[in-house]
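J.: Quick one: this structure, given as structure tokens, is what I'll be asking you about.
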2 protein chains.
Amino acid sequence: MTMPRDPSDAAAPAHPTQALDDTVHQRHRLGILTITAEAERVEFTYLRDMLKLTGGNLSRHLAVLEEARLIDVTKGYEGRRPRTWIAITPVGRNALDAELRALEALVLRHRRSRDA
Amino acid sequence: MTMPRDPSDAAAPAHPTQALDDTVHQRHRLGILTITAEAERVEFTYLRDMLKLTGGNLSRHLAVLEEARLIDVTKGYEGRRPRTWIAITPVGRNALDAELRALEALVLRHRRSRDA
């Protein structure tokens, strides 16, 4: 069991959770970004069902992500049925990659400390 | 580029973000749990400095974690100076392990989809 490093040491690296951005880290928004990163675009009801959210709850998270320019939301029709499509932006991809790198660092740090 | 699986398919595995618990996932609380998991106990001011939080903000997150029985908070003295010590509980260790396993699944899924 090792003691964590003294944070007053100027050379101490920032804790990995410092690199997490709440806009991306919130678990449903992290879900939205990882799912939209897997396809060119996804439909609103698909995301809603996949993440087991209500429509209202999903809409609120999409608004946060759109405001931060991490996703694009497009309304249109498929035949006569209205559809809402969600696509991740390049900014969103970068933000997701940064989040996942920070999470990976956290997992590695924990594993190293546990196995030490 | 592969389309994500149809979530109405009963055999579809839950998305990894479904396994995340907001009590543990919130980034500062995740920081508190990973740091306390590295030592027998840590002092309040150490956590505050390491996570760059105000004392009030840290106290609020500690209250959430204590309420969920994920940490124990002990007040005492070191010489004549009052000290607050924080220790992760066995329940907290299990919750942190579950969170980190879910995060690892998310990172792996993302990497596989990106490299596909």
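J.: Shortest first, in nm, what separates the label point of B:D115 from those of the same position in the other copies (7 Å along Cα→Cβ)?
T.: 1.8
J.: Can you compute the helix-only [θ] at 222 nm over chain B? Use -39500 (n - 2.57) per DSSP H run of at least 4 residues, normalise by all residues, nearest 500 deg cm²/dmol.
T.: On the way: 5 runs with 60 residues, N = 116.
Estimated from H runs of four or more residues: -16000 deg cm²/dmol.
J.: B:A14 to B:T54: FRET efficiency via 1/(1 + (r/R0)^6), r the Cβ-Cβ distance, R0 22 Å, to the nearest 0.05?
T.: Numbers: r = 36 Å, r/R0 = 1.65.
Step by step, r from the Cβ atoms, then E = 0.05.
J.: Inside 10 Å of the C-beta atoms of B:51-62, what's the mean count of C-beta atoms belonging to other chains?
T.: Per residue, the average neighbour count from other chains is 1.
J.: Give the calculated FRET efficiency between B:T23 and B:Y77 to the nearest 0.05, with a Förster radius of 41 Å applied to their Cβ-Cβ distance.
T.: 0.85
J.: While we're on this one: Within 10 Å of each residue's Cβ, count the other Cβ atoms and sort B:H15, A:H110 from fewest upward.
T.: The order, fewest Cβ neighbours first, is A:H110, B:H15.
J.: Roughly how many nanometres apart are two label points built 7 Å out from the Cα toward the Cβ at B:R111 and A:R69?
T.: 3.0 nm
J.: Using the scaling law 2.2 N^0.38 Å as the reference, what is the normalised Cα Rg of the stretch A:19-115? Numbers along the way, then the final one.
T.: Working: Rg = 15.1 Å, N = 97, 2.2 N^0.38 = 12.5 Å.
Output field value: 1.21.
J.: Would you mind listing the distances between the B:R101 label point and the same position in each other copy? Use 7 Å along Cα-to-C-beta, nm, one decimal, shortest first.
T.: Copy-to-copy label distances at B:R101, shortest first: 2.9 nm.
J.: Work out the length of the dipole vector of chain A about its Cα centre, built from +1 on the beta-carbon of each Lys and Arg and -1 on the beta-carbon of each Asp and Glu, and round it to the nearest 20 debye.
T.: Values: 18 positive and 16 negative charges, 76 e Å.
Dipole magnitude for chain A comes out near 360 debye.
J.: Using the Cβ atoms and a cut-off under 13 Å, what net charge is assigned to the surroundings of B:A63, where Lys and Arg are +1 and Asp and Glu are -1?
T.: Numbers: positive: B:R29, B:R60, B:R69; negative: B:E66, B:E67, B:D72.
Spelling it out: positives minus negatives among the neighbours equals 0.
J.: On average, how many beta carbons from a partner chain sit within 10 Å of the beta carbon of a residue in A:25-33?
T.: Working: counts 5, 6, 13, 5, 1, 7, 6, 1, 2.
Per-residue shielding by partner chains comes out at 5.
J.: Taking each pair of distinct Cα atoms in the protein assembly as shown once, what is the resulting Kirkwood hydrodynamic radius in Å?
T.: Details: mean 1/r = 0.0521 Å⁻¹.
Mean inverse Cα-Cα distance, inverted, gives 19.2 Å.
J.: Here is a follow-up. Give the residue from B:N94, B:Y77, B:L30 lying farthest towards the positive end of the charge dipole for chain B; charges sit on Cβ (+1 for Lys and Arg, -1 for Asp and Glu) and the dipole is referred to the Cα centre.
T.: Farthest towards the positive pole: B:Y77.
J.: Hey, which residue of B has the C-beta nearest the axis mapping B onto A, and what's the distance in Å?
T.: Taking Cβ atoms only, the nearest residue and its distance are B:L103, 2.
J.: Can I ask one more? Evaluate peptide A:100-107: per residue, the Cβ atoms of other protein chains within 10 Å of its Cβ; return the mean as an integer. Each step should come with its number before you reach the end.
T.: Values: counts 8, 1, 2, 9, 6, 0, 8, 7.
For peptide A:100-107, the averaged partner shielding equals 5.
None of the figures in this text is laboratory data; all of them are computed from the coordinates on show. Here the structure is a predicted model, which means the values were calculated and not measured. Neighbour counts run over all protein chains shown; Cβ positions are idealised from the backbone, glycine included.
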